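Asker: Below: one structure in structure tokens.
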Amino acid sequence: MSNNQQEEISKTQLKKQSKDITSFGQAITLLNQNQLEQLNLPSDINNAIEDYKKIKSLSAKKRQLLFIGRLLRSTDLHEAFIQYEAIKNHSQLANQQFHLVEQWRDKLIQSPDAITEFINQFPKTDVQQLRSLIKNSINEIEKNKPLKSSRSLFKIIQSILNN
């Protein structure tokens, strides 16, 4: 009886691993070509992923995804998992950085006191340029003009935060 339980556990574990690998395959189909190359996967897997991206039919996509999963199961994925996590973490950090820049831009435009707080946190800031961009951004918003200064303000804040 305990032998049967071990076989069932083993079968269950195999199914779970298979499902996890197929999920990993689906996740990597969302990566761009440059990110895929960082995973150092065999060419047959890269070709299968390219084919997957070209397929329009939902049922054909599912079949291709299962095929990608089968190819991945026959490959050592240790390095690919590590690279994928690094790519994912880099994307999350970039998103957080982007949102922080957006928050600072909005805060600077909406609150006159925010510039003091910004300068205190980032003392190397060109205050004259910052004030000018904030003033122009406010004017553009009030007059419903294109937000050229607001975009420039975003880029300046981004460069300050990156240094």
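Asker: Within the stretch 19-31, does at least one residue satisfy the condition of being surrounded by 14 or more Cβ atoms within 10 Å (Cβ to Cβ), touching a residue at least 40 places away in the same chain (Cβ under 8 Å) and hydroxyl-bearing (Ser, Thr, Tyr)?
Answerer: yes
Asker: Right, here's the next one. Can you name the number of the only condition in (1) modelled with pLDDT of 90 or more; (2) in contact with a Ser or Thr (Cβ under 7 Å, 6 or more places away or on another chain) that LYS62 fails?
Answerer: Only one criterion is unmet by LYS62, namely (2).
Asker: Name the residue, out of LYS124, LYS107, LYS148, LYS143, that is surrounded by fewer than 17 Cβ atoms within 10 Å (Cβ to Cβ) and either in contact (Cβ under 8 Å) with a residue 24 or more places away in the chain or under 30 Å from LEU41 (Cβ atoms) (or both).
Answerer: LYS124
Asker: Does at least one position in the stretch 45-68 carry a residue that is under 20 Å from the mean Cα position of the chain (by Cα), surrounded by 12 or more Cβ atoms within 10 Å (Cβ to Cβ) and among the hydrophobic types (A, V, I, L, M, F, W, C)?
Answerer: Scanning the stretch 45-68, I find at least one residue that is under 20 Å from the mean Cα position of the chain (by Cα), surrounded by 12 or more Cβ atoms within 10 Å (Cβ to Cβ) and among the hydrophobic types (A, V, I, L, M, F, W, C), so the answer is yes.
Asker: Which one is farthest from the chain's Cα centre (by Cα), of the residues in the stretch 82-104 that are of a type in the set (A, V, I, L, M, F, W, C) and surrounded by 14 or more Cβ atoms within 10 Å (Cβ to Cβ)?
Answerer: Among them, the one singled out is TRP104.
Asker: Then there's this: Would you check if ASN95 is modelled with pLDDT under 90, part of a helix (DSSP H, G or I), assigned by TED's automatic domain parsing to the domain that holds GLN158 and not small (Gly, Ala, Ser)?
Answerer: Here the answer is yes, as ASN95 does meet what is asked.
Asker: Would the stretch 33-41 turn up any residue that is over 30 Å from LEU161 (Cβ atoms) and free of Cβ contacts under 8 Å to residues at least 40 places away in the same chain?
Answerer: Yes: the stretch 33-41 contains one or more residues that are over 30 Å from LEU161 (Cβ atoms) and free of Cβ contacts under 8 Å to residues at least 40 places away in the same chain.
The values are calculated or read from the model by the stated rules, or taken from the named source; none is laboratory data. Worth saying up front: this structure is predicted, and the values here are computed from it rather than measured. Ideal geometry is used to build each Cβ from the backbone, glycine not excepted, and the neighbour counts take in all protein chains shown.
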